[in-house]
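Trainee: Pasting a structure below so you can have a look.
Derivation of every value follows stated rules applied to the coordinates shown; laboratory data play no part. Values in this document were obtained by computation on a predicted structure and should not be read as measured data. Neighbour counts run over all protein chains shown; Cβ positions are idealised from the backbone, glycine included.
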Amino acid sequence: MYLLAQREKVVRIPPDRLGENLDETVEVLARETFEGRVEGSDSLTVLVREIKRDGPGRIVHGDGAVYQNVKFESLIFRPILQEVVEGNVVEILKFGAFVRFGPLDGLLHISQIMDDRIDIDDVNQRLLGKDTKRDLKVGDRVRARIVALSMNERNPKESKIGLTMRQPGLGKIEWLEEDRKKKAEKGGKAE
């Protein structure tokens, strides 16, 4: 889920940057300092904008840098446990598939893809259901639920996010459309 939040933080301006345009320097340093970082244990700051200095900077004894209070808007991506997400399959491996949703990737373990035994087709980079003959390959659009979540503060791209598609209303988008058509033909309600 994306959120837009107002933030107040401190930016450290190193001594070698003090002769530059202060507003531009603060803007560059705020972006470098906050974008792409995990805040708390569950929020990834995607973008900062509308960066403004707040009051005069402070100098700390023994450090030639200036510490400047700043106010800004930040676009935050916060995945939530049990949230339903849509994304694209970006990689197929022997143990499952990685799905990119927003700025992060989640693992769709082979046991969480469908209610069918799955064959791995290494040559064509796809996972194939033995009975249903449904396949999952790179580029497919899927709807999944977040079932495990552990954000990595040091390297957000290495966060551990577990996904499942083994629930009603989840799966490859094409499979969901096929299921709706079958139910409509039988006179049942579509999910």
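Trainee: Helix-derived [θ] at 222 nm for the chain: sum -39500 (n - 2.57) over DSSP H runs of at least 4, divide by residue count, nearest 500?
Mentor: -4500 deg cm²/dmol
Trainee: Please give, to one decimal in nm, the separation of the simple spin-label points placed at Val123 and His109, each 7 Å out from Cα toward the Cβ.
Mentor: That separation, rounded to one decimal, is 3.0 nm.
Trainee: Relative contact order for the range 1-125: what percent, with Cα pairs under 8 Å and sequence separation of 6 or more? Don't skip to the end; give the middle numbers.
Mentor: On the way: 205 pairs, mean separation 30.2, N = 125.
Computed over the range 1-125, the figure is 24 percent.
Trainee: Need the C-alpha centroid separation for the range 105-122 versus the range 60-87, integer Å.
Mentor: Result: 34 Å between the Cα centres.
Trainee: Whole-Å semi-axes of the chain's equivalent ellipsoid, largest first, each the root of 5 times a Cα gyration tensor eigenvalue?
Mentor: Semi-axis lengths for the chain are 47, 17, 12 Å.
Trainee: Going 7 Å from the Cα of Leu81 in the Cα-to-Cβ direction, what parts of the range 36-50 have a backbone nitrogen less than 13 Å from that spot?
Mentor: 42
Trainee: If you don't mind, another one. If you take the square roots of the eigenvalues of the alpha-carbon gyration tensor of the range 2-77 and sort them as a ≥ b ≥ c, do you get rounded (a/c under 1.5), prolate (a/b over b/c) or oblate?
Mentor: prolate
Trainee: Roughly what angle does helix 22-34 make with the longest principal axis of the chain, taking Cα atoms, 0 to 90 degrees, to the nearest 10?
Mentor: That helix lies at roughly 40 degrees to the long axis.
Trainee: Given contacts defined as C-alpha pairs under 8 Å and at least six residues apart, what's the relative contact order of the range 84-186, whole-number percent? Walk me through the intermediate numbers first.
Mentor: Values: 202 pairs, mean separation 27.0, N = 103.
Relative CO of the range 84-186 lands at 26 percent.
Trainee: Oh, and also: Using a Förster distance of 22 angstrom, determine the FRET efficiency expected from the C-beta separation of Leu93 and Lys157, and round it to 0.05. All intermediate terms of the calculation are to be shown ahead of the outcome.
Mentor: Values: r = 16 Å, r/R0 = 0.75.
Approximately 0.85, to the nearest 0.05.
Trainee: Can you pick out the pairs among Lys94/Lys160; Lys94/Lys181; Lys94/Lys183; Lys160/Lys181; Lys133/Lys157; Lys71/Lys160 whose Cα atoms lie more than 29 Å from each other? Walk me through the numbers before you get to the answer.
Mentor: Details: Lys94/Lys160 18 Å; Lys94/Lys181 31 Å; Lys94/Lys183 33 Å; Lys160/Lys181 35 Å; Lys133/Lys157 32 Å; Lys71/Lys160 31 Å.
Violating the 29 Å Cα-Cα cut-off are Lys94/Lys181; Lys94/Lys183; Lys160/Lys181; Lys133/Lys157; Lys71/Lys160.
Trainee: A further question follows. Suppose the chain between Ala5 and His61 were pulled fully straight at 0.36 nm per residue; how much longer would it get relative to their current alpha carbon spacing?
Mentor: Details: separation 56, 0.36 × 56 = 20.16 nm, distance 3.27 nm.
Additional length available on full extension: 16.9 nm.
Trainee: To continue, here is another question. Could you give the semi-axes, largest first, of the ellipsoid that matches the range 84-186, computed as the square roots of 5 times the alpha carbon gyration tensor eigenvalues and rounded to whole Å?
Mentor: Semi-axes, largest first: 24, 16, 11 Å.
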